[in-house]
């Protein structure tokens, strides 16, 4: 009897929002963990320095492009973001997530880990005085209206989802430990390194601890 020594192919994942500051860390950490990483990007130029990732060029709101990028994947990480928009309505996050959910169903991909942020859903009002009274109403109200639409689409998707709500992001070195909260009574403010967000998000691809839940993560 002969025994095969072939190693199994590494699991393939799709990362959206890979050219953002947090997305880039997710890509590099995923490659380090041995994942076969695909990223859907609008421009090859912006993603040229993403090491260890296969580039798929396309718009995240295009279901056909998403289906192509999803082929062979076992999971998706959405790190999509959008700039502050004081005046103009924001629809990118919900439109892309709606297309993503449809594409995942078509390609039989069930696991979705989606980053939104403190201020989404029942975490509104827990960002601390400056964030809640100034930054959120003046700059982020329309962005978060779309994040709320995005979260609703994820919740209704029928997928194995986790919604991750980081507190205010910083670019400090990660600590390797985060607090994940769903009871926010008494919590106001908080900050967390993007590096730790990336690590937590990738952990959710394998763990079911926060399945169908929306943890706020902070230091």
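Out of the residues in the stretch 29-51 that are farther than 22 Å from residue 109 by Cα and either modelled with pLDDT of 95 or more or touching a helix residue (DSSP H, G or I) at 6+ places or on another chain (Cβ under 8 Å) (or both), which is surrounded by the most Cβ atoms within 10 Å (Cβ to Cβ)?
Across the stretch 29-51, the extreme among qualifying residues is 50.
Being under 15 Å from the mean Cα position of the chain (by Cα) and buried (at least 17 other Cβ atoms within 10 Å of the Cβ) is the requirement here; does residue 178 meet it? Steps first, answer last, please.
Values: under 15 Å from the mean Cα position of the chain (by Cα): no; buried (at least 17 other Cβ atoms within 10 Å of the Cβ): yes.
For residue 178, the condition - under 15 Å from the mean Cα position of the chain (by Cα) and buried (at least 17 other Cβ atoms within 10 Å of the Cβ) - is not met.
What is the number of the single condition among (1) in contact (Cβ under 8 Å) with a residue 60 or more places away in the chain; (2) under 20 Å from residue 147 (Cβ atoms); (3) surrounded by 15 or more Cβ atoms within 10 Å (Cβ to Cβ) that residue 199 does not meet?
Among (1) in contact (Cβ under 8 Å) with a residue 60 or more places away in the chain; (2) under 20 Å from residue 147 (Cβ atoms); (3) surrounded by 15 or more Cβ atoms within 10 Å (Cβ to Cβ), residue 199 violates only (2).
Scan the stretch 168-196 residue by residue and report those that are under 15 Å from residue 22 (Cβ atoms), in contact (Cβ under 8 Å) with a residue 24 or more places away in the chain and touching a strand residue (DSSP E or B) at 6+ places or on another chain (Cβ under 8 Å). Let's see the steps before the verdict.
Pass one, the stretch 168-196, residues under 15 Å from residue 22 (Cβ atoms): 168-174, 178, 191-196.
Now drop any that are not in contact (Cβ under 8 Å) with a residue 24 or more places away in the chain, which leaves 168-171, 174, 178, 191-195.
Those that are under 15 Å from residue 22 (Cβ atoms), in contact (Cβ under 8 Å) with a residue 24 or more places away in the chain and touching a strand residue (DSSP E or B) at 6+ places or on another chain (Cβ under 8 Å): 168, 169, 170, 171, 174, 178, 191, 192, 193, 194.
Quick check: is even one residue across the stretch 19-27 without any contact (Cβ under 8 Å) to a residue 40 or more places away in the chain, assigned to a helix (DSSP H, G or I) and in contact with a strand residue (DSSP E or B) (Cβ under 9 Å, 6 or more places away or on another chain)?
Within the stretch 19-27 (the criterion being without any contact (Cβ under 8 Å) to a residue 40 or more places away in the chain, assigned to a helix (DSSP H, G or I) and in contact with a strand residue (DSSP E or B) (Cβ under 9 Å, 6 or more places away or on another chain)), the answer is yes, since at least one residue qualifies.
Which is touching a strand residue (DSSP E or B) at 6+ places or on another chain (Cβ under 7 Å), buried (at least 21 other Cβ atoms within 10 Å of the Cβ) and on the phi < 0 side of the Ramachandran plot, of 79, 103?
Values: 103 fails: touching a strand residue (DSSP E or B) at 6+ places or on another chain (Cβ under 7 Å).
On inspection, the qualifying residue turns out to be 79.
Quick one: which strands (runs of 3 or more DSSP E) lie wholly within the stretch 74-177 and hold at least 2 residues that are in contact with a helix residue (DSSP H, G or I) (Cβ under 7 Å, 6 or more places away or on another chain) and within 20 Å of residue 189 (Cβ to Cβ)?
By residue number, 160-166, 168-170.
The values are calculated or read from the model by the stated rules, or taken from the named source; none is laboratory data. Values in this document were obtained by computation on a predicted structure and should not be read as measured data. Methodologically, a virtual Cβ is constructed for each residue, glycine included, from the backbone with ideal geometry; neighbour enumeration extends over all protein chains shown.
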